[in-house]
Amino acid sequence: MKTPSFTHYLSLLCVCLPLLAPFAAKAERIRDLTTLQGVRSNSLIGYGLVVGLDGTGDQTMQTPFTTQTLSNMLSQLGVTVPSGTNMQLKNVAAVMVTAELPAFSRVGDRMDIVVSSMGNAKSLRGGTLLMTPLKGVDNQIYALAQGNLLVTGAGAQGGGSRVQVNQLNGARISGGATVEREVPTSFADGRELRLQLNEEDFSVAQQISNEINRRYGGATAAAEDARTIRLYAPSDSAGRVRFIANIQNIPINAGAGDARVIVNSRTGSVVMNRHVMLDACAVAQGDLTVEVSRTNDVSQPNTPLAGGQTVVTPNTSVSVRSGGGSLQRLNTSADLNSVVRALNNLGATPNDLMSILQSMKSAGCLHARLETD
């Protein structure tokens, strides 16, 4: 079976974009467009040990910190290891533990953690994470992690060959940490709250403010800038929660926003969020030439007494030519979708496509934000 190529996926993208264009303006809830300022998760990190590995742990001669950590832990448990003892620890691995402490977490809540090897362990499969304190940026302990690891990768060895699927040195523990300290929030302080747009947009910020004021009164919301909307909420906790819950479900007819073209230089993928229009230009890249030209067709009535009017209709022609003489000529509305489709038909490589898009942007004929990952 033949594996689909990059150009195959790109051609599917070109076919789907025109179908999506009529739905550029759609109704979205405020909760999908904004977040509440101060209500966010907090990153936690910790250092610990995983035990119970089947000979796949750290090689202690190359990772002395594993031995040092184990000696310190044993001393805290009342076990003294004589100085100079060479511990051959093939079943122990030093790991880093990370987690996201959700907003409004309370003492006793459980959260998921990610465990990653920091030494030269071959695999964490079958291991158990020993009690590990998780600290925040202020160096305070906010949670304790412990439990059996779940490794999703798989490894096999035999016949002189070794096969590994996914990563065996990373694991997760569902509900593997218990919250021991709460993070204070300003949600219950004062009457002012602020909504933050996920992407800055003056028109959307003003539209959200207008819609809230239409429902709750003219002084309830005010757009401070392209990303922040100030709210005056009830002073009591129950009323404040009810107020935010109702506001988050208000539908907003957000427009299509800025035209954007995102190019991934590593994979060669190109994503366009709407119809991107082009002005007249000519770009040569290697054996490929792209030319966009604009002309005006004038339609006049046959006689002055016919009562008709002179009509000027803009006409756009897009031609893409390869060095071998192949030509793709399109009479179209000069959108980038047509150019990409023509380049795809001529077998353009991802590097050719990215170079042509960057040249169009530099020349001022590509009216979109070009982003390269």
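A few remarks follow.
- In the stretch 67-91, of all residues being touching a residue at least 12 places away in the same chain (Cβ under 8 Å) and touching a Ser or Thr at 6+ places or on another chain (Cβ under 6 Å), the one that is nearest to Asn148 (Cα to Cα) corresponds to Leu89.
- Residue satisfying condition, being closer than 24 Å to Ser237 by Cα and in the same structural domain as Ile244 (by TED's automatic domain parsing), within set Glu192, Glu224, Glu199: Glu192
- The lone exception for Phe104 - which of (1) outside any strand (DSSP E or B); (2) modelled with pLDDT of 90 or more; (3) surrounded by 20 or more Cβ atoms within 10 Å (Cβ to Cβ) it fails: (3)
- Residues in the stretch 107-130 that are farther than 30 Å from Gly55 by Cβ and surrounded by 19 or more Cβ atoms within 10 Å (Cβ to Cβ): Met111 alone.
- Condition check for Gln146: over 16 Å from Glu100 (Cβ atoms) and either at pLDDT 95 or above or of a type in the set (Lys, Arg) (or both): yes
- Exactly one residue out of Met111, Met131, Met96 is farther than 30 Å from Ile208 by Cα, in contact with an Asp or Glu (Cβ under 8 Å, 6 or more places away or on another chain) and in a strand (DSSP E or B), and it is Met111.
- Candidate set from the stretch 188-212 (those that are among the aliphatic types (A, V, I, L, M), within 14 Å of Leu36 (Cβ to Cβ) and surrounded by 15 or more Cβ atoms within 10 Å (Cβ to Cβ)); member that is nearest to the chain's Cα centre (by Cα): Leu197
- The stretch 190-233, residues that are among the acidic types (Asp, Glu) and under 30 Å from Asp112 (Cβ atoms): Glu199
- With respect to (1) modelled with pLDDT of 75 or more; (2) out of contact with any Pro (no Cβ under 9 Å at 6 or more places or on another chain), the lone exception for Pro350 is condition (1).
- Test result for Gly190, out of contact with any strand residue (DSSP E or B) (no Cβ under 8 Å at 6 or more places or on another chain) and either modelled with pLDDT of 90 or more or on the phi > 0 side of the Ramachandran plot (or both): yes
- Strands (runs of 3 or more DSSP E) lying entirely in the stretch 180-258 (those with 2 or more residues that are among the β-branched types (Val, Ile, Thr)): 228-232
- In the set (1) under 22 Å from Leu370 (Cβ atoms); (2) at pLDDT 70 or above, the condition left unmet by Thr316 is number (2).
- Residues in the stretch 101-140 that are touching a Ser or Thr at 6+ places or on another chain (Cβ under 9 Å) and charged (D, E, K, R): Asp109, Arg110, Asp112, Lys122, Arg125.
- Scanning the stretch 347-360 for residues that are surrounded by 15 or more Cβ atoms within 10 Å (Cβ to Cβ) and under 24 Å from the mean Cα position of the chain (by Cα) returns Pro350, Leu353, Met354, Leu357, Gln358.
- If the condition is being charged (D, E, K, R) and touching a helix residue (DSSP H, G or I) at 6+ places or on another chain (Cβ under 9 Å), then the stretch 175-200 contributes Arg191, Glu199.
- Total residues in the stretch 124-140, condition under 26 Å from Ala103 (Cα atoms), charged (D, E, K, R) and in contact (Cβ under 8 Å) with a residue 40 or more places away in the chain: 1
The values are calculated or read from the model by the stated rules, or taken from the named source; none is laboratory data. These figures come from a predicted structure and were not determined experimentally. Note that we place each Cβ from the backbone using ideal geometry, even for glycine, and neighbour counts take in every protein chain shown.
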